[in-house]
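First the structure, then my questions, so here it is.
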Amino acid sequence: MRFHKTNLTVYTQGRGFYEITPEINTSIQNWGVVEGMTYLFIPHTSASLVINESYDATARCDLEAYLDHIAPEGESWYVHTLEGRDDSPAHLRTMLTATSLTIPVDAGRLSLGTWQGVYLAEHRRRAHRREILLRVLSVE
């Protein structure tokens with residue numbers, strides 16, 4: 001077994017879903033990993049990781065609309081608003097999604113379903129520089 005690691009940097013343009021599948025697969029291929037396990041972790045409290053449909057971009061619109069519905073901005077009961085109206089909703093959205101993912105590697109790429117992709121979910125309105133820790137354990 002061999003352990004590979006790097007950090008992926010994603011520059012977001014504000015709230016939305018940013019596909020990172022190609023960057024992950026490129027790292028896996030550059031390391032020569034054929035079979036193993038991928039571990040992803042995002043060390044942020046207002047961004048997260050999700051696996052969802054990557055074929056039709058309107059699916060991302062629906063995901064964002066759903067998050068707007070269950071964690072809307074401007075609720076009168078929010079206390080944590082130090083950084084603006086999107087502060088508490090961003091943290092709630094992160095709590096409802098994932099900060100880490102584990103995905104098998106087969107044939108030198110992520111073992112995702114036909115229409116699946118890995119996304120960084122940015123929950124803040126303004127642009128951010130996000131880091132994702134990418135770790136791969138390969139079977140040799």
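Stretch GLN13-GLU35 to full length: gain in nm at 0.36 nm per residue minus the Cα-Cα span?
4.5 nm
From the gyration tensor of the Cα coordinates in region 2-138, what semi-axes in whole Å does the equivalent ellipsoid have, largest first, with each one equal to sqrt(5λ)?
They are 30, 16, 11 Å, listed largest first.
Find how much the distance from GLU75 to THR114 grows on full extension, using 0.36 nm per residue of separation minus their present alpha carbon separation; answer in nm with one decimal.
Gain on extension, GLU75 to THR114, equals 10.2 nm.
Further, regarding this structure: Please give the net charge around GLN116, taking every other residue with its beta carbon less than 11 angstrom from that of GLN116, where Lys and Arg add +1 and Asp and Glu add -1.
Local net charge: -2.
Counting other Cβ atoms within 10 Å of each Cβ, which GluC sites (Glu not before Pro) in region 30-90 have at most 14 and sit in a DSSP loop?
When the GluC sites (Glu not before Pro) of region 30-90 are filtered for loop state and at most 14 Cβ neighbours within 10 Å, GLU35, GLU75, GLU83 remain.
Given the rule -39500 (n - 2.57) for each run of at least 4 DSSP H residues, summed and divided by the residues of the chain, what is its mean residue ellipticity at 222 nm, to the nearest 500 deg cm²/dmol?
After summing the helix terms and dividing by the residues of the chain, the value is -7500 deg cm²/dmol.
Continuing with the same structure: So what's the net charge close to GLY84: Lys and Arg +1, Asp and Glu -1, counting the other residues with Cβ under 10 Å from its Cβ?
Here the charged neighbours net out to 0.
Relative contact order of region 2-138, please, whole-number percent, based on alpha carbon pairs below 8 angstrom and at least 6 residues apart.
Averaging sequence separation for qualifying contacts and normalising by length gives 55 percent for region 2-138.
The numbers here are math on the coordinates, done by the rules we state, and not lab data. For clarity, every value in this text was computed on a predicted model and none was experimentally measured. All Cβ positions, glycine included, derive from the backbone under ideal geometry; neighbour counts span all protein chains shown.
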